[in-house]
Amino acid sequence: MLRSVLRSSSAAAGGRASSLFPDLLFPAASSRAYAKAKTKAKTKTKTKTTTKGKNARSVSADESAARPDDASHAFDDIDVEFERPTDPLPPTYDPALDVGPGGRPLFAFTKSFAPLTRKEACSYVDFSLEEWNAMLPEGLPPGVTKEFEETRRCAVMVRQSFLDLRDNFRRIVDPPIHTGTKNSKKQIVLDGPVSCGKSTTLAMLVHWARSEGWLVFYVPKGKEWTHGGFFYKNLHNEFWDTPVQAETILQNFLKFNKDRLQQLPCQIFDPILLGEGAGVGLMKNVDSMAMPEGSTLYDLIQTGITHTHAAVGVVVRLRKELSLVTDVPVLFAIDQYNNWFTFSEYHELLTWQSTRQIHARELTTVNAYRSMMHDDMMVGAFSHSTAVGKLREQLPDVPLGARLMLPRYTLDEAATVCHYYLRQRLIRRDNFSDEKWKKIYYLSNGNGSEMRWLAPFI
């Protein structure tokens, strides 16, 4: 969006770029070394036409008339992908370099997000990629991965909105004596503008909860529940089964929680209904299977992974079992939650020439986990990058007041971000100034991904 605005601004100005753009987008040659365009050599063929009796004045007039058109193309290459700096990074920690706005420390040294207070807001917490993958083996959000790749460091900024969200669930599990859980919410939907940090905030919340010993059911890509694989009509109800996704869901849940699940016994022993397996059809003369007494949640999940006919039924049973766990706090964290309120990519065949698109709520797995009308702790984060479209304010199966709007970067947060990019050499130190990073902030309107894209232009 920002790039199209830049192009339209240049065209409206008739080739005269505003005073803001040259400083940001066309800096000195020394700065361009940090933003070399990956452009291939293009050969331009110019056809020269001669007109009988054309004098030098007319030629000069034609050339001068062409200049505004050439100037209007100043931003034609705005969509070109720019290389990030490849110079060696400075030492990981250096007191002379790790300085934020106003001389404050840029990093908060901690092993988890648990001890952080309001004093550490607008500071960065640095973990290794191995630590991130160990705490979130299901996968990191694409926005977080891109930030790590372009800054060449696996650090995230601690925002006040994250601290408020963390303290909300902390009060539920360990309520203060004087206030209790009066102002806390067990079900929250994270919403906000594009690139305001919803997925990053959710990933940080999952990291904190797992470091505290919680059992977290984390879904980093909710859209995958409604796209791809096989889908079959469930013979026992009106829903549709997706066994490939169900098996993946169970495998992902085991990656971090295996040891904990081996200690939690099953509390429901009703038969598990069987459906069609992935590409193998129905089992003959068998429509259910029972878990033996003494089974653990780990045994339940292994049954769903081993037997493709039981995968969907086990995912549904797991949801019921997790709501009965009392030995450890349980949190459901769903990213791309808005994909569960629109249509899937599946179609039901009605006639030989017509189909009906299946809604996400008609999928067995989504139907079991989408609702927030319960007493369990659950967070769903909207993702506008999946192009779902705008949903109505009051969603079905979501309590009133559950939606929490996350803001984009404030001016203080943007200052910290730009100092961090300066530290990681996305910005040249000799070209950095308060005036220039504020131009980036106001030009991007606090959009995190656009600020990172604009940083090398300083």
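Residue by residue through segment 412-458, note down the ones that are in contact with a Lys or Arg (Cβ under 8 Å, 6 or more places away or on another chain) and over 17 Å from Thr151 (Cβ atoms).
The answer is Asn445, Gly446.
Are any of the residues in segment 325-339 within 24 Å of Leu205 (Cβ to Cβ), part of a helix (DSSP H, G or I) and polar (S, T, N, Q)?
Yes, that holds for at least one residue.
Across segment 324-371, what is the number of residues that are of a type in the set (Val, Ile, Thr) and under 19 Å from Gly229 (Cα atoms)?
Of the residues in segment 324-371, 6 are of a type in the set (Val, Ile, Thr) and under 19 Å from Gly229 (Cα atoms).
Would segment 270-288 turn up any residue that is more than 24 Å from Phe230 (Cα to Cα) and surrounded by 13 or more Cβ atoms within 10 Å (Cβ to Cβ)?
No, that holds for no residue.
Within segment 397-443, restricting attention to residues that are in contact (Cβ under 8 Å) with a residue 12 or more places away in the chain and polar (S, T, N, Q), which residue is most open to solvent (accessible area, probe 1.4 Å)?
Out of the qualifying residues, it is Thr410.
Condition first: in contact with a Leu (Cβ under 7 Å, 6 or more places away or on another chain) and assigned to a helix (DSSP H, G or I). Now tell me which residues in segment 177-224 satisfy that.
Matches in segment 177-224: Lys198, Thr201, Leu202, Ala203, Leu205, Val206, His207, Ala209.
Restricting attention to segment 396-441, which residues are over 20 Å from Ala455 (Cβ atoms) and out of contact with any Cys (no Cβ under 6 Å at 6 or more places or on another chain)?
Result: Pro396, Asp397, Val398, Pro399, Leu400, Gly401, Ala402, Arg403, Leu404, Met405, Pro407.
How about segment 344-451: which strands (runs of 3 or more DSSP E) wholly inside it have at least 1 residues that are under 30 Å from Ala311 (Cβ atoms)?
So the answer is 354-359, 377-381.
If the Cβ limit is 9 Å and pairs must be 6+ apart or interchain, which residue in segment 218-246 that is in contact (Cβ under 8 Å) with a residue 40 or more places away in the chain and at positive phi pairs with which residue that is part of a loop (DSSP other than H, G, I, E, B) and open to solvent by less than 10 Å² (accessible area, probe 1.4 Å)?
As it stands, the answer is Gly228/Thr242; Gly229/Thr242, since those pairs meet every condition given.
Give just the number: which of (1) under 23 Å from Gln187 (Cβ atoms); (2) part of a loop (DSSP other than H, G, I, E, B) does Met291 not satisfy?
Only one criterion is unmet by Met291, namely (1).
So, in segment 289-304, of the ones that are within 31 Å of the chain's Cα centre (by Cα) and crowded, with 18+ Cβ neighbours inside 10 Å, which residue ends up nearest to Val330 (Cα to Cα)?
Among residues in segment 289-304 that are within 31 Å of the chain's Cα centre (by Cα) and crowded, with 18+ Cβ neighbours inside 10 Å, the one nearest to Val330 (Cα to Cα) is Leu297.
Residues being assigned to a loop (DSSP other than H, G, I, E, B) and buried (at least 19 other Cβ atoms within 10 Å of the Cβ): count how many of those fall in segment 128-148.
4
Could you give every pair whose Cβ atoms fall below 6 Å, whose first residue belongs to segment 154-182 and is closer than 22 Å to Thr326 by Cβ, and whose second residue is modelled with pLDDT under 85, counting only separations of at least 6 or pairs across chains?
Arg171/Thr181; Ile172/Thr181; Pro175/Thr181
Inspect all residues belonging to segment 344-355 and state whether any of them is aromatic (Phe, Trp, Tyr), under 30 Å from the mean Cα position of the chain (by Cα) and under 16 Å from Phe217 (Cα atoms).
no
Hey, among Gly100, Gly180, Gly192, which residue is at pLDDT below 95, within 30 Å of Asn338 (Cα to Cα) and open to solvent by less than 30 Å² (accessible area, probe 1.4 Å)?
When all the criteria are applied, what remains is Gly192.
The values are calculated or read from the model by the stated rules, or taken from the named source; none is laboratory data. Here the structure is a predicted model, which is why all the values come from computation and not from measurement. Positions of Cβ are generated from backbone atoms using ideal geometry, with glycine treated the same way; all protein chains shown enter the neighbour counts. Keep in mind that these areas ignore ligands, DNA and RNA; they rest on the heavy atoms of the full protein, side chains included. Shrake-Rupley method; radii C 1.70, N 1.55, O 1.52, S 1.80 Å.
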